[in-house]
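The values are calculated or read from the model by the stated rules, or taken from the named source; none is laboratory data. The structure presented is a predicted model; accordingly, all values stated were derived computationally and were not measured. Cβ placement follows ideal geometry from the backbone for every residue including glycine, while neighbour counts extend to all protein chains displayed. Protein only, heavy atoms only, side chains kept; ligands, DNA and RNA dropped before computing areas. Shrake-Rupley method; radii C 1.70, N 1.55, O 1.52, S 1.80 Å.
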Amino acid sequence: MGCCSARCMLILLCCLQLITALERQVFDFLGYQWAPIMINFFHIITVILGLFGVIQYRTRYVILYLLWMLLWVGWNVFVCCLYLDLGGLSKDSDILSLGVSSHRSWWKDNGPGCESDALLSTGWQSQKNPQLTTVLSCWLEYQYIEILHCIVQLLISVSVLCCCLALVSIHYHRSNSMGFTGESM
């Protein structure tokens, strides 16, 4: 087995995907976006299972990981469409917070180079979700930061899909040429 085999590349991509998913999870928690928090949680679990499957030569875990990657790609395309206001979706809707609260992306108020003004009104305490700051300007608008997160995940996911398909294909070719269909890779 070479250093640049599909298996080694998949291990590297799983680790990279795990790091980027954890980073994304932190910022979704800061913004109280409940749908992405739940999806990211399932993604992290599935990446760990996929990593286990690759390290332990377990084809079924790799196939589960491969199938999840297809759903993950769909989720990231949906989030991109949401933040770009495509297909009747709106970034101002409460879809990502599941309608539980009016929270939004953490990056909206805390993006790179954002300047904000404190709004101190007398009636802010009686509001359901008081907004104490207004963002005046940012170097990069929050929706583009969220889209960049999705693009990074999509690039990693496409690479993972290619490596998973290569790994599973190699496994089945080897097992068919040896005359048995074992579980391990």
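Some observations on this one:
- Put simply, of Ser159, Ser90 the only residue that is within 20 Å of the chain's Cα centre (by Cα), open to solvent by less than 60 Å² (accessible area, probe 1.4 Å), modelled with pLDDT of 90 or more and among the polar types (S, T, N, Q) is Ser159.
Residue-by-condition table, conditions (1) in contact (Cβ under 8 Å) with a residue 12 or more places away in the chain; (2) closer than 24 Å to Val160 by Cβ; (3) surrounded by fewer than 18 Cβ atoms within 10 Å (Cβ to Cβ):
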position: Cys8; (1), (2), (3): no, yes, yes
position: Ile11; (1), (2), (3): yes, yes, yes
position: Leu16; (1), (2), (3): yes, yes, yes
position: Val26; (1), (2), (3): no, yes, yes
position: Phe41; (1), (2), (3): yes, yes, yes
position: Gln56; (1), (2), (3): yes, yes, yes
position: Met69; (1), (2), (3): yes, yes, no
position: Val73; (1), (2), (3): yes, yes, yes
position: Asn76; (1), (2), (3): yes, yes, no
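- Selection from segment 28-39 of residues that are at pLDDT 90 or above and open to solvent by 60 Å² or more (accessible area, probe 1.4 Å): Met38
- Residues that are closer than 11 Å to Ser105 by Cα and either in contact with a Ser or Thr (Cβ under 7 Å, 6 or more places away or on another chain) or of a type in the set (A, V, I, L, M, F, W, C) (or both) within segment 13-33 comprise Phe27, Phe29, Leu30, Gly31, Tyr32, Gln33, listed in sequence order.
- Wholly enclosed helices (runs of 4 or more DSSP H) of segment 1-116 bearing at least 3 residues under 22 Å from Val158 (Cα atoms) and polar (S, T, N, Q): 6-30
- Candidate set: segment 1-27, residues that are modelled with pLDDT of 90 or more and polar (S, T, N, Q); chosen: the one nearest to Leu98 (Cα to Cα): Gln25
- Where Gly113 falls short, out of the listed (1) of a type outside the set (Asp, Glu); (2) touching a strand residue (DSSP E or B) at 6+ places or on another chain (Cβ under 8 Å); (3) open to solvent by 40 Å² or more (accessible area, probe 1.4 Å): (3)
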